[in-house]
Amino acid sequence: MRVIFLGPPGSGKGTQAKRLQEAQEIPQVSTGDLLRQAVRAGTALGKEAQGHMDSGGLVPDQLVIALLLERIEQPDCARGFILDGFPRTVAQAEALEQALAQKGMPVDAVVNFEIDLSKLVERLVGRRVCPNGHGEWHVTFNPPAQPGTCDVCGAALIQREDDQEDRIRTRMETYRRDTEPLIDYYGKRSVLRSINALAPMDEVMGQIESLIGAI
Ligand code: AP5
């Protein structure tokens, strides 16, 4: 099964992709996570990407497309994958469509996380992440067992650089300008399925499982 999670920053794509990954035993492929790993590792890609990410803009298409296409060639993606944060532009969607068409493996569903953008700032400013990449929590909606501490490795949780309020506003603008047109793009291909992403986390998962069950 090949699924795309499409939605604005903070709509819950990462949270639900991790849950679906466990339920379906197919990997979550998050370009945000892949890029953050490259930044932590200090690779040439990471150095190029960091400024774009910290400012709330997008990393150039050619870099992200190469990164994503290489990742979905890995053996763990053979049975399918959940794309979280890709595609984010029409050019990325076209590159993906072309690559999957060559394999005869089209996308089965694009899950559109519908949410009032005004609700997203609270979700993002309250997000805390493990500096070692072990996951993310929310100070109110999904707190760790010990406040401010990673449940997995015990490291002090940090706030993502792009989760400052001014950066969040830029990310929203980037989403509206570059990513929202994909709703129309996938709508025309009859694979778009919308969910109410404002609901509590378990309810959102239930909506996604119903959609997936109907594929
Ligand atoms: P990325 O990491 O993909 O960030 P994003 O799309 O902005 O998404 P987020 O991770 O902020 O939100 P999410 O929807 O996953 O929400 P989450 O589940 O965490 O990308 C970061 C940057 O990398 C980009 O800005 C760009 O620069 C670059 N990049 C990445 N991909 C790229 C691409 N394809 N092309 C170019 N550049 C790219 O939830 C948010 C919070 O809300 C959490 O704290 C969570 O606990 C809480 N929450 C989740 N669901 C609920 C709920 N139902 N109720 C209450 N709280 C909830």
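The values are calculated or read from the model by the stated rules, or taken from the named source; none is laboratory data. Since the structure is predicted, the reported quantities are computational estimates derived from the model, not experimental observations. Ideal geometry is used to build each Cβ from the backbone, glycine not excepted, and the neighbour counts take in all protein chains shown. Accessible surface areas use protein heavy atoms only, side chains included; no ligands, DNA or RNA. Shrake-Rupley method; radii C 1.70, N 1.55, O 1.52, S 1.80 Å.
Among the residues of region 77-133, those that are surrounded by 15 or more Cβ atoms within 10 Å (Cβ to Cβ), assigned to a loop (DSSP other than H, G, I, E, B) and of a type in the set (A, V, I, L, M, F, W, C) comprise Phe86, Val107, Ile115, Cys130.
Could you say whether any residue in region 57-75 is surrounded by 20 or more Cβ atoms within 10 Å (Cβ to Cβ), of a type in the set (Val, Ile, Thr) and more than 10 Å from the ligand (Cβ to nearest atom)? Yes, that holds for at least one residue.
Residue pairs whose Cβ atoms lie under 7 Å apart, sitting 6 or more positions apart in sequence or on different chains, and linking a residue in region 45-60 that is within 17 Å of Thr89 (Cβ to Cβ) and free of Cβ contacts under 8 Å to residues at least 24 places away in the same chain to a partner that is more than 9 Å from the ligand (Cβ to nearest atom) and among the β-branched types (Val, Ile, Thr), are Ala49/Val39. Within region 140-196, the set of residues being aromatic (Phe, Trp, Tyr) and assigned to a loop (DSSP other than H, G, I, E, B) comprises just one member, Phe141.
Taken over region 137-153, the criterion of being free of Cβ contacts under 8 Å to residues at least 24 places away in the same chain and open to solvent by 50 Å² or more (accessible area, probe 1.4 Å) is satisfied by Val139, Thr140, Pro143, Ala145, Gln146, Pro147, Asp151, Val152, Cys153.
Taken over region 10-52, the residue count meeting the criterion of being part of a helix (DSSP H, G or I) and open to solvent by 30 Å² or more (accessible area, probe 1.4 Å) is 21. Enumerate the pairs (first residue in region 158-183 and free of Cβ contacts under 8 Å to residues at least 40 places away in the same chain; second residue anywhere and open to solvent by 40 Å² or more (accessible area, probe 1.4 Å)) with beta-carbon separation below 7 Å, excluding pairs fewer than 6 apart on the same chain, so at least 6 apart or on different chains. Once the first residue is free of Cβ contacts under 8 Å to residues at least 40 places away in the same chain and sits in region 158-183, its partners that are open to solvent by 40 Å² or more (accessible area, probe 1.4 Å) give Ile158/Arg128; Ile158/Pro131; Gln159/Arg128; Asp163/Val125.
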